[in-house]
Ligand code: 5GP
Ligand code: MN
């Protein structure tokens, strides 16, 4: 296979990280397998080169990702006594969450991301549309000349697996499978990762889904449902229990666009969207201050639930028309 042309940003990041002794590596809010896998994978690779790495995330690592080596080291922090700050899988500064500070005393901010909606908020931005950010990190690890080991491989394969929903999304290409093969050859167990990330729901979660699905709405190919603070309280479930509901709706034949609106706190609604290739929900999310991929995107609206619903449905009806 011929080598892909190296982007200038990728080369700059390599040089920067070759010289760094201390690096802060940052994952996005409500971190998923790709964010945690990419940050940990890069940290393990840099540590093999003797670099001291600190991991940051505004929110805790979900239970289903705690099996990853080093995942206990994340903390909600922002440090500027570093040689570089690397932000992974994050398309805008709002996604870094409340730990983000504009002020960083001249420390270069490096952004590595696979979202087409990335706002290029770093000093160096390597944005490339792959199925996962972990594939970009895999390339970077190769650029840095670090041999893959089982820790690096397990972290990176987790991101490939979760962001492709088990190799099912349309952006799963031959190169994605090749990356997965490379990581398995390096010792990562696909079976262990699949079990850890996809066999992770609780009965409480399923009961919450039952309540929400009872109220499913559907109109001209758009299906939506809502999870309120009240629903969560009654089910005794955290907001993260609604993760996966939009994927479930996207498996329904009649559905072109699936939307799940989840009230994370009073007047703050997290919106998760899925679509068929015909509809670009990344553009819809971007217009609402969020981002994502053509067929999977999201945003955070500071509105009461009914207003958030109308705002999203308005934008979607126009996108579908
Ligand atoms: P999910 O629906 O699984 O939470 O997210 C789907 C995709 O949309 C992910 O790629 C995620 O990064 C992106 N996304 C979800 N919520 C937001 C958001 O509030 N802001 C931005 N920029 N992207 C989001
Ligand atoms: Mn991702």
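Each reported figure results from applying straightforward, stated rules to the coordinates on display, with no laboratory input. Because the structure is predicted, anything quoted here is derived from the model rather than measured. FYI the Cβ positions are ideal-geometry reconstructions off the backbone, even for glycines, and counts take in every protein chain you see.
For labels at residue 67 and residue 214 in the simple 7 Å Cα→Cβ model, what's the distance in nm?
It works out to 3.3 nm between the two label points.
Can you tell me the orientation of helix 174-185 relative to the chain, as the angle in degrees between its alpha-carbon axis and the longest Cα principal axis, to the nearest 10?
60
With a Cα-only, solvent-free Debye model of segment 242-310, what are the log10 I(q)/I(0) values at q = 0.16, 0.20, 0.22, 0.23 Å⁻¹?
Debye intensities relative to I(0), on a log10 scale: -0.49, -0.75, -0.89, -0.96.
Using 7 Å Cα-to-Cβ label points, what is the residue 75/residue 174 separation (nm, one decimal)?
If labels sit at residue 75 and residue 174, their model points lie 4.7 nm apart.
Taking only the alpha carbons of segment 82-181, what extent do you get along each of the three principal axes, in Å, biggest first?
For segment 82-181, the Cα spread along each principal axis is 41, 29, 20 Å.
Angle check, please: helix 150-163 long axis (alpha carbons) against the longest principal axis of the chain (alpha carbons), in degrees 0 to 90, nearest 10.
30
Restricting things to alpha carbons, tell me how big segment 65-116 is in terms of Rg and Dmax, in Å.
Considering segment 65-116 through its Cα atoms, Rg and Dmax are 12.3, 35 Å.
Rg/Rh for the chain: what does it come to with C-alpha atoms and Rh from Kirkwood?
0.96
State the extension gain, in nm to one decimal, for the chain segment bounded by residue 303 and residue 21, taking 0.36 nm per residue of separation less the distance between their alpha-carbons.
Stretched fully, the residue 303-residue 21 segment lengthens by 97.2 nm.
Name the shape class, rounded, prolate or oblate, that the alpha-carbon gyration tensor gives for segment 194-274, where a ≥ b ≥ c are the square roots of its eigenvalues, rounded holds for a/c under 1.5, and otherwise prolate holds if a/b is larger than b/c and oblate otherwise.
Taking the square roots of the gyration eigenvalues as a ≥ b ≥ c, segment 194-274 is oblate.
By average Cβ neighbour count within 10 Å, what is the ranking of 172-182, 256-266, 242-252, 130-140 from highest down?
Highest-to-lowest ranking by the protection proxy: 130-140, 256-266, 242-252, 172-182.
At what distance in angstrom do the alpha carbon centres of segment 260-311 and segment 1-65 lie from each other?
Segment 260-311 and segment 1-65 have Cα centres separated by 27 Å.
Spin-label point model (7 Å from Cα, Cβ direction): what's the residue 198 to residue 251 distance in nm?
For residue 198 paired with residue 251, the spin-label model returns 0.9 nm.
With angles folded into 0 to 90 degrees, how steeply does helix 133-143 sit against the dominant principal axis of the chain? Use alpha carbons for both and round to 10.
Result, in degrees: 10.
So what is the relative contact order for segment 84-200, in percent, with contacts set as C-alpha pairs under 8 Å and at least six apart?
Reported relative contact order: 20 percent.
By its C-alpha gyration tensor, with a ≥ b ≥ c as the square roots of the eigenvalues, how is segment 135-264 shaped: rounded for a/c under 1.5, else prolate for a/b larger than b/c, else oblate?
The shape class here is prolate.
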